[in-house]
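Scroll down for the structure; my scribbles are underneath it.
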Amino acid sequence: MTDPYEALGVGRDATPEEIKRAYRRKAKATHPDKGGAEGAFPVVQRAYAILASPSRKSRYDRTGQDPGDVDDPKLRALGELAQVFLSVVESYDPDRFDLVAGVRDQLHQTALKIESEIRRIRQKIRRYQRARRNLRTTKADYLGNMLDAQIAKFEEAIILGGEEMEKVQLMISLTEDYQWEFPEHEPASGI
């Protein structure tokens, strides 16, 4: 990541007004519509997003990292787990349904779908590989190249599916520290 201070051309002691002025100046110079170099404008936008937010700026100054980055797989998994949990909270009565078990069930169902999709893609790869093995030509091998490209695409999908499976397994493991307790019902009063 490019240092945001460097990207905007300001010092660490720059005021919010100086940061805003520097951003406007750099944005004009780097914007694609104004002839800026490809990829330069997003760097300036990100730098301003970090330095214009007191909390992000403070975190960047302390750690050198942008809290907006979610490169940590555990943090990404935790964020997605939170979304699953909130959807379960919206869908079920917390006094009558074990929400943690509901989350785990959804995650296990997701894992089963991913496994099934990976199996389906592997079957396709085997079919395409057999077709490739049996295809012959004495000219330019357009069809063979097409099959090779499709096989590579399927193999990439398996890699992505494996990464998704790892994330789901991590999400499941993050639920292991939780259990659901139902409220104790107070006896009805005779009044």
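The values are calculated or read from the model by the stated rules, or taken from the named source; none is laboratory data. Here the structure is a predicted model, which is why all the values come from computation and not from measurement. Quick reminder, even Gly has a Cβ in these numbers, built from the backbone with ideal geometry, and neighbours come from all protein chains shown.
State whether one or more residues within region 16-37 are in contact with a Ser or Thr (Cβ under 9 Å, 6 or more places away or on another chain) and touching a residue at least 24 places away in the same chain (Cβ under 8 Å).
Scanning region 16-37, I find no residue that is in contact with a Ser or Thr (Cβ under 9 Å, 6 or more places away or on another chain) and touching a residue at least 24 places away in the same chain (Cβ under 8 Å), so the answer is no.
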Inset, instruction - Sort through GLU38, GLU18 and tell me the only one that's outside any loop (DSSP other than H, G, I, E, B), over 30 Å from GLU176 (Cβ atoms) and either modelled with pLDDT under 85 or not assigned by TED's automatic domain parsing to the domain that holds GLY102 (or both). - result: GLU18
Inset, instruction - Might you check whether a residue that is of a type in the set (A, V, I, L, M, F, W, C), farther than 30 Å from ARG24 by Cβ, without any contact (Cβ under 8 Å) to a residue 40 or more places away in the chain and part of a loop (DSSP other than H, G, I, E, B) occurs anywhere in region 86-99? - result: yes
Legend entry - Where ASP66 falls short, out of the listed (1) surrounded by 14 or more Cβ atoms within 10 Å (Cβ to Cβ); (2) in a helix (DSSP H, G or I): (2)
Inset, instruction - Pull up region 134-143, narrow it to residues that are within 18 Å of LYS153 (Cβ to Cβ) and without any contact (Cβ under 8 Å) to a residue 12 or more places away in the chain, then point me to the one that is surrounded by the fewest Cβ atoms within 10 Å (Cβ to Cβ). - result: TYR142
Inset, instruction - Please indicate, with yes or no, whether at least one residue in region 5-13 is surrounded by 13 or more Cβ atoms within 10 Å (Cβ to Cβ), among the β-branched types (Val, Ile, Thr), out of contact with any Phe, Trp or Tyr (no Cβ under 7 Å at 6 or more places or on another chain) and not in a loop (DSSP other than H, G, I, E, B). - result: no
